[in-house]
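The values are calculated or read from the model by the stated rules, or taken from the named source; none is laboratory data. What you are looking at is a predicted structure, and each value in this text was computed from that prediction instead of being measured. When we count neighbours, we look across all protein chains shown, and the Cβ atoms used for this are built from the backbone with ideal geometry, even at glycine.
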Amino acid sequence: MTVNLPEIIKQYIDASNKHDVKSIVSCFADDAVIHDEGERHQGKPAIEGWAVKTIEKYDFQFKPLSITSADTDVIVAMEVSGTFDGSPITVDYHFTIGNGKIVSLAVD
């Protein structure tokens, strides 16, 4: 099944699966916020640090399963596999998009 994703989210997933930190960061607005694992990361330098740490810790791969959207808010159910107990798992990624960039991402 192919999930029809907004272009910026597709770019984020593709960059993430390649573990291309520079391309991951470029998907985000300058003042974007990420909420993941109980931590908040704001701005591109913090997002870069989060991406590097997450790649090193989990060596993850994403597979989008479904999408729910309303205006600029998009929820993607993602199968996440990697080097962690219980892999693979399904996780909801809550994106907010503005001006063609990701302005917020919450991972639950």
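For this structure, a couple of remarks:
- Within region 60-70, the residues that satisfy the criterion of being surrounded by 15 or more Cβ atoms within 10 Å (Cβ to Cβ) and under 15 Å from Val107 (Cα atoms) are Phe60, Gln61, Phe62, Pro64, Ile67.
- Annotation: of all residues in region 70-108 being polar (S, T, N, Q) and in contact with a Lys or Arg (Cβ under 9 Å, 6 or more places away or on another chain), the one that is farthest from Val3 (Cα to Cα) is Thr83.
- Cross-chain or 6+ apart pairs with Cβ under 6 Å, region 16-41 first and in a helix (DSSP H, G or I), then small (Gly, Ala, Ser) and at pLDDT 95 or above: Val21/Ala51; Ser23/Ala15; Ile24/Ala15; Ile24/Ser16; Ile24/Ala51
- Just one of the listed residues (Ala29, Ala51, Ala15) is surrounded by 12 or more Cβ atoms within 10 Å (Cβ to Cβ), touching a Gly at 6+ places or on another chain (Cβ under 7 Å) and not polar (S, T, N, Q), and it is Ala29.
- Residues of region 1-29 that turn out to be in contact with an Asp or Glu (Cβ under 6 Å, 6 or more places away or on another chain) and under 14 Å from His94 (Cα atoms), as a count: 0
- Taking each residue of region 83-97 that is under 19 Å from Ile9 (Cα atoms) and looking for partners that are part of a strand (DSSP E or B) and acidic (Asp, Glu) with beta-carbon atoms closer than 6 Å, six or more apart or interchain, yields Thr90/Glu79; Thr96/Asp73.
Yes/no per residue for (1) touching a Leu at 6+ places or on another chain (Cβ under 8 Å); (2) modelled with pLDDT of 95 or more:
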position: Asn4; (1), (2): no, no
position: Glu7; (1), (2): no, yes
position: Ile13; (1), (2): yes, yes
position: Asp20; (1), (2): no, yes
position: Val25; (1), (2): no, yes
position: Asp31; (1), (2): no, yes
position: Arg40; (1), (2): no, yes
position: Gly43; (1), (2): no, yes
position: Gly49; (1), (2): no, yes
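- Positions within region 42-77 being of a type in the set (A, V, I, L, M), free of Cβ contacts under 8 Å to residues at least 40 places away in the same chain and not in a helix (DSSP H, G or I), in sequence order: Ala70, Ile75, Ala77
- Test: Asp73 is surrounded by 15 or more Cβ atoms within 10 Å (Cβ to Cβ), under 14 Å from the mean Cα position of the chain (by Cα) and among the charged types (D, E, K, R): no
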